[in-house]
């Protein structure tokens, strides 16, 4: 039997703790222990997480939502109201400069309970098994809560840096267990930060354990093509237009000052902090996103060509590549390599 191929999903600036929240939230999803394994596999180094996501998870979670809709036609309306209230509570915390140790533990617990809303608002609108009414409710929900993962990431890192000021960026490698147990060791964290951590769901594993899991569940990870002969990258138009320029890859918030006027901003996804860089850029290309994502919304406001959901742009393009962003066709053409 051929192995299941688990596709690459994104690369983001995420702390280990947030990745553990993301992966572990499906262990008790709306009160249900999900059966899909593995669900998420992330490779994390120096605050950057490259994640692979099992598409079988979508089928299982969406069946769960459909079952709830069969029992209650207005399920998503009530669900949306409840999670907007949870969003407001989380917002009162992430709007702070930093949290106490106890507050961060509480924040993480509430974030796990909130995660079903992040899922439903992202994936339900694209599944035709759901009615137009339910898709629309989730689209409106996404517009209200779209900043949640980004803001959660910020407050987790700011709080860790306040509690452990000598660790700086290395706080990205603090595990949830070590934080909760107040057993953070500086040498261990430094070693973890400079290593490539492998996270399956919310558990750290080594390469040998990952290979054992591949055999147990008969899966392989998607191989990403880095071949020089790749001539174009396809995605979805966030805003139409055509422009040429040099690529500027941005992965971390602190790299945004590097972009120059007229360059093509290429990143995993944009967040509100990207706005100054987006004003300088001639166009935007992202790995992730749909028509309601931040990059598409800002592109429409600034009237700049934008291609979203390219999936592999940050893997294939390099700083300085000359490209043509044809957002009329949803294609990035590589004209000259650096």
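No lab work stands behind these numbers, since they all come straight from the coordinates. These numbers were taken from a predicted model, which means no experiment stands behind them. Here the Cβ is made from the backbone with ideal geometry for all residues, glycine too, and neighbour counts use every protein chain on show.
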A correct fewest-to-most ranking of 247, 285, 108 by other Cβ atoms within 10 Å would be 108, 247, 285
Label model pair residue 64, residue 300: point-to-point distance (7 angstrom along the Cα→beta-carbon line) in nm is 3.1
Distance in nm between residue 203 and residue 113 label points, each 7 Å along Cα→Cβ, equals 2.6
Reduced to Cα centres, the span from the stretch 231-272 to the stretch 40-98 in Å works out to 27
The FRET efficiency for residue 92 and residue 336, from their Cβ-Cβ distance with R0 = 56 Å and rounded to 0.05, is 0.65
Taking only the alpha-carbon positions of the stretch 4-220 as identical scatterers, the Debye log10 I(q)/I(0) at q = 0.08, 0.09, 0.12 Å⁻¹ comes out as -0.30, -0.38, -0.67
Checking rank on 28-35, 248-255, 49-56, with mean other Cβ inside 10 Å and highest first, the result is 49-56, 248-255, 28-35
Taking max minus min of the Cα coordinates of the stretch 260-338 on each principal axis, largest first, gives extents in Å of 30, 24, 21
For the pair residue 280 and residue 252, the simple spin-label estimate (label points 7 Å beyond Cα toward Cβ) gives in nm 1.7
Contour minus Cα-Cα span, residue 191 to residue 105, at 0.36 nm per residue, comes to 28.6 nm
Contour minus Cα-Cα span, residue 27 to residue 140, at 0.36 nm per residue, comes to 38.0 nm
Ranked by GNM mean-square fluctuation in the chain (Cα springs under 10 Å), the top entry among 66, 141, 312 is 66
Protection proxy (average C-beta count within 10 Å per residue), highest first, orders 58-65, 325-332 as 325-332, 58-65
